[in-house]
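K.L.:
The structure is given below, and queries will be raised subsequently.
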Amino acid sequence: MKVFCVIDMQNDFIDGALGTPEAQAIVEPVTKFLRDLDYEYEVIATRDTHYNDYLETNEGKHLPVVHCQIDSHGWQIAPSVAEALDALDARIIDKPNFGISPDRWALSLENVDVTEVVLFGLCTDICVISNALAMKTAYPEIPVKVYSDLCAGVTPESHEAALLTMKMCQVDVMNSWEDK
């Protein structure tokens, strides 16, 4: 079964504390893509989740911008994306850092015959790449793909650098979700 992983499409990464115009630009295409899916696929969404001690964590010391505080507006998935995920009965996994470990991904998909993994969302150069490489580690013999037009990075340059790095690690970077 093909698994779609929607990475961190949260308000703080779109138009909140760490938002960018590029992130804002992918909300509508991500929503349309999800609305056009049917129930033949497994859909999982991740949600970056931090607590009051965020600035004292290793990540907080390197990225001292409070964001995605649990139960805050910024932590919520963008409304149109959340609605589309709900319609697909998608599972949401809260994660305390950039990526989910390969073991946790495999455990979360233990009852799924995974034949292909497709990732997209925010931010290409941090969370998307972390989870793509974790999936490649968890499932080394299946195709792992990223739809680049449904991703946005911290900057356009770091987005492109992340795509290149993923290609080097045998993640198939698709220029458009329509190339599927």
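Any read-out appearing in this document is the output of simple, stated calculations on the displayed coordinates, not a laboratory observation. A quick note: this is a predicted structure, and the numbers were derived from the prediction, not measured. Here the Cβ is made from the backbone with ideal geometry for all residues, glycine too, and neighbour counts use every protein chain on show.
K.L.:
Among K136, K61, which is the only one that is without any contact (Cβ under 8 Å) to a residue 24 or more places away in the chain and of a type in the set (K, R)? Show your work before the answer.
P.N.:
Numbers: K136 fails: without any contact (Cβ under 8 Å) to a residue 24 or more places away in the chain.
Being without any contact (Cβ under 8 Å) to a residue 24 or more places away in the chain and of a type in the set (K, R) holds for just one of K136, K61, which is K61.
K.L.:
Is it the case that the stretch 102-111 has a residue that's of a type outside the set (A, V, I, L, M, F, W, C), under 16 Å from I7 (Cα atoms) and surrounded by 23 or more Cβ atoms within 10 Å (Cβ to Cβ)? I'd like the intermediate steps shown before the answer.
P.N.:
Residues of the stretch 102-111 of a type outside the set (A, V, I, L, M, F, W, C): 102-104, 108, 110-111.
So of that shortlist, the ones also under 16 Å from I7 (Cα atoms) come out as 102, 104, 108.
Those left that are additionally surrounded by 23 or more Cβ atoms within 10 Å (Cβ to Cβ): none.
No, the stretch 102-111 has no match at all.
K.L.:
Across the stretch 40-55, what is the total count of residues that are out of contact with any strand residue (DSSP E or B) (no Cβ under 9 Å at 6 or more places or on another chain) and among the aliphatic types (A, V, I, L, M)?
P.N.:
Step one: of the stretch 40-55, the residues out of contact with any strand residue (DSSP E or B) (no Cβ under 9 Å at 6 or more places or on another chain) are 53, 55.
Keeping just the survivors that are among the aliphatic types (A, V, I, L, M) gives 55.
Residues meeting the conditions: 1.
K.L.:
Condition check: free of Cβ contacts under 8 Å to residues at least 40 places away in the same chain and of a type in the set (D, E, K, R). Does R104 satisfy that? Talk me through it step by step, then tell me what you get.
P.N.:
Values: free of Cβ contacts under 8 Å to residues at least 40 places away in the same chain: yes; of a type in the set (D, E, K, R): yes.
Yes: the conditions hold for R104.
K.L.:
What number goes with the only condition from (1) surrounded by 14 or more Cβ atoms within 10 Å (Cβ to Cβ); (2) over 19 Å from L37 (Cβ atoms) that M135 does not pass?
P.N.:
(2)
K.L.:
Within the group R35, R47, which residue is free of Cβ contacts under 8 Å to residues at least 60 places away in the same chain, surrounded by fewer than 14 Cβ atoms within 10 Å (Cβ to Cβ) and among the basic types (K, R)? Break it down into steps so the answer makes sense when it comes.
P.N.:
On the way: R47 fails: surrounded by fewer than 14 Cβ atoms within 10 Å (Cβ to Cβ).
When all the criteria are applied, what remains is R35.
K.L.:
Exactly one condition in (1) touching a Pro at 6+ places or on another chain (Cβ under 8 Å); (2) farther than 27 Å from T165 by Cβ is not met by I70; state its number.
P.N.:
Result: I70 fails condition (1) only.
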